[in-house]
Amino acid sequence: MTTKKENILSTALELFAQEGFKATSTSKLAAQAGVSEGLIFRHFRNKEGLLKALMDQGEERLTHIFADIISERDPQQVINKMFSAIKAIATDPEQSHFWKLQYKLKWETETYDDLKMEPIRVALTTAFQKLGYTHPEKEAQLILILIDGLVTKLFLSQNFDIVETVNILIEKYKE
């Protein structure tokens, strides 16, 4: 991938996450990325193509993050790695922009894709089963709802310390 193409993707991710997909014009994106609008169209055809490229990159990141959690056999480590992934995402600006974009798109399009989190739900349910929880499916669902709420709070609040809150959850779910 060329440096200019990477720069376009990086700038688009930041702008789409901050301002929303619909509110960000390709002319503004081009100006901020320091490229011509025509170059954006040459690489991505249109704004939707650019969003698709960002989403494809995000899916790759998600697959990488999930692989470590899903492949873990120790049930306590599955839970710990899930929470650690949230802390890592929250403290990495590029990851934060990607997830903020995901949340903005969820609200802009009024859609919620449960399937993205299905592998994690299964891994957490299995972990809670192995740990002897009475309602492992409900515990997994609770964790995913908590994470969704925490990430929403992170993106909508100025001074929310997600790391401290996740540390409390890690302590709560220790064996």
Could you tell me whether any residue of region 5-12 is in a loop (DSSP other than H, G, I, E, B) and of a type outside the set (A, V, I, L, M, F, W, C)? no
Subset of region 68-118 [open to solvent by 60 Å² or more (accessible area, probe 1.4 Å), free of Cβ contacts under 8 Å to residues at least 40 places away in the same chain and under 24 Å from Ala140 (Cβ atoms)]: Asp68, Ser71, Arg73, Asp74, Gln77, Thr111, Tyr112, Asp113, Asp114, Leu115, Glu118
Filter pass, Thr152 being open to solvent by 80 Å² or more (accessible area, probe 1.4 Å) and either free of Cβ contacts under 8 Å to residues at least 12 places away in the same chain or within 26 Å of Ala23 (Cα to Cα) (or both): no
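The values are calculated or read from the model by the stated rules, or taken from the named source; none is laboratory data. Small disclaimer: the values here were computed from a predicted structure and weren't measured. Quick reminder, even Gly has a Cβ in these numbers, built from the backbone with ideal geometry, and neighbours come from all protein chains shown. Accessible surface is based on the protein model in full, side chains and every heavy atom, while ligands, DNA and RNA are left aside. Shrake-Rupley method; radii C 1.70, N 1.55, O 1.52, S 1.80 Å.
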